[in-house]
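Read through the structure below, which is laid out as structure tokens, and then see the notes.
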Amino acid sequence: MIESVGGRVVADRYVLADRLGSGGMGTVWRAWDHLLQRTVAVKELHAAGGGYEQQASMRRVLSEARAIARVTHAHVIDIYDLLEFDGGLWIVMELVPGGSLSERVRSSGLLSPVETARVGLEVLSALDAVHAAGALHRDVKPANVLLRADGSSVLTDFGIAALSGHTGLTGTGAVVGSPEYMAPERLRDQPVGPASDLFSLGVTLCFLASGQSPFARGDLTATSFAVAFEPPSVHVPGPLGDVIEQLLDKDPAKRPSSAQLADALQSIVDGAPQTVQATLRQSVRPPGANRRRTASAGASRRRTAITGAIAVAVLVAGAGVTASVVGDDSGPVSPEQTGQASTGAHTVSRVDAVMPVPGVQGRFWVFAGSEYMVVETGADPASARRVGGPSPIAQWRKTFGGLDSFTSGIDAVLPVPGDAHRFWVFSGDEYLLVHIAGDRSGKGRLQEPRPLTDWPSLRPFRTD
């Protein structure tokens with residue numbers, strides 16, 4: 001047994017220290033993982049009821065948490081462990097010490113439109129990854145977006161709706177979650193989907209830029225009524241206000257799609273806001289029609305690079321690719337268009353390496369320059385799509401952090417024969433052995449970088 005100094009020990013492994021926060025659905029503790037010798041965050045979930053009802057709640061949480069745990073994304077909280085202990089359910093996560101967005105606004109003031117749009121892009125990319133895994137967040141709000149030391153956003157706290165088993169209202173009429181951030185369809189007990197999370201993101205962006213929720217009315221009943229039936233009070237001028245108002249449409253079908261929202265927010269970040277309204281209101285064109293490119297150079301460059309990455313991933317998956325490849329939200333793209341793409345401050349002329357995600361059929365990590373993304377492929381080229389990223393290689397499961405050679409570019413990846421979770425990763429004149437467990441609990445590099453001459457299969461090559 002582990003000896004603790006005044007701290008409670010969970011599952012003979014996690015020694016609880018100070019309490020980081022508590023709410024109606026759970027308590028979060030800072031804890032020490034005795035087995036892996038690291039600090040983590042441990043959330044004790046408060047399941048309502050008892051007997052069969054509590055068991056059903058636990059099954060719902062486990063199902064949803066497992067879906068989130070399969071998501072590999074720089075802006076989604078890492079879930080390390082799920083366990084039942086002492087009659088309750090516990091989730092072990094990475095500890096993000098930078099505080100939440102709500103705390104950031106309280107301590108440092110409002111975010112600028114560009115800062116707000118940048119946060120919006122990060123949270124949106126996290127939601128895209130969560131939705132692709134078949135899950136919903138259902139409680140997107142500033143308090144559930146944490147900030148890492150580098151200022152990047154991390155979406156957390158996915159347990160609300162799974163724990164309650166309801167989309168918005170309980171059987172007694174009580175509200176589960178934060179009413180002023182809920183989509184109206186949740187309060188009306190109607191079907192919910194990804195557009196519901198985007199509505200909550202719109203409320204979050206409004207708070208970051210104005211310090212006010214567009215539906216806050218002072219009490220629960222008035223606030224819930226405002227969300228469901230009243231127009232929003234958006235006190236955010238300019239293009240960002242236009243984006244927020246579009247997101248807060250009562251009709252989910254009239255809200256911007258994820259791709260449209262990404263283009264609109266990127267336009268604000270890039271300083272090309274004149275295209276925002278046109279992007280949001282762009283009509284669906286018939287197949288084969290030419291699509292107008294946005295004036296946002298950053299968004300255009302990123303789409304081109306992503307399309308090239310998806311093309312390589314499809315080839316690796318064995319899908320037949322002809323002269324055209326369908327990307328994120330673009331029309332057919334020729335090989336000449338994908339051959340040279342500029343992303344950020346560097347130029348990418350090819351995809352450097354592709355690595356299959358263990359245990360997830362048709363999903364790949366794609367490395368290009370100093371960035372990576374997650375792509376998913378299906379039975380035909382048109383089904384290929386980006387799931388997450390682009391993000392810096394240094395953020396990839398934190399395996400390459402501190403290794404300048406690898407974070408600047410990965411040259412190749414080879415699977416280790418006989419082990420679906422181990423890979424050799426090559427960069428420059430060095431290589432690494434990494435292990436990626438299917439449950440994400442054993443991720444990371446197994447050794448420090450070694451010279452290529454130590455890799456037995458390369459010894460036949462001449463080095464002089």
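The values are calculated or read from the model by the stated rules, or taken from the named source; none is laboratory data. Remember, it's a predicted structure, so these values are computed and weren't measured experimentally. Please note: Cβ atoms are built from the backbone with ideal geometry, for glycine as well, and neighbour counts cover all protein chains shown.
Mind checking whether some residue in region 160-172 is at pLDDT 80 or above and under 30 Å from G378 (Cβ atoms)?
Looking through region 160-172, none of the residues is at pLDDT 80 or above and under 30 Å from G378 (Cβ atoms).
Among the residues of region 207-233, count how many are in a loop (DSSP other than H, G, I, E, B) and either under 16 Å from P142 (Cβ atoms) or among the polar types (S, T, N, Q) (or both).
Result for region 207-233: 7.
Just to be sure, is D263 within 23 Å of H131 (Cα to Cα), surrounded by fewer than 20 Cβ atoms within 10 Å (Cβ to Cβ), charged (D, E, K, R) and modelled with pLDDT of 90 or more?
no
Could you tell me whether A297 is under 30 Å from D352 (Cβ atoms), modelled with pLDDT of 50 or more and more than 22 Å from the chain's Cα centre (by Cα)?
The answer is no for A297.
When you scan region 62-117, how many residues do you find that are part of a helix (DSSP H, G or I) and not aliphatic (A, V, I, L, M)?
Within region 62-117, residues that are part of a helix (DSSP H, G or I) and not aliphatic (A, V, I, L, M) number 12.
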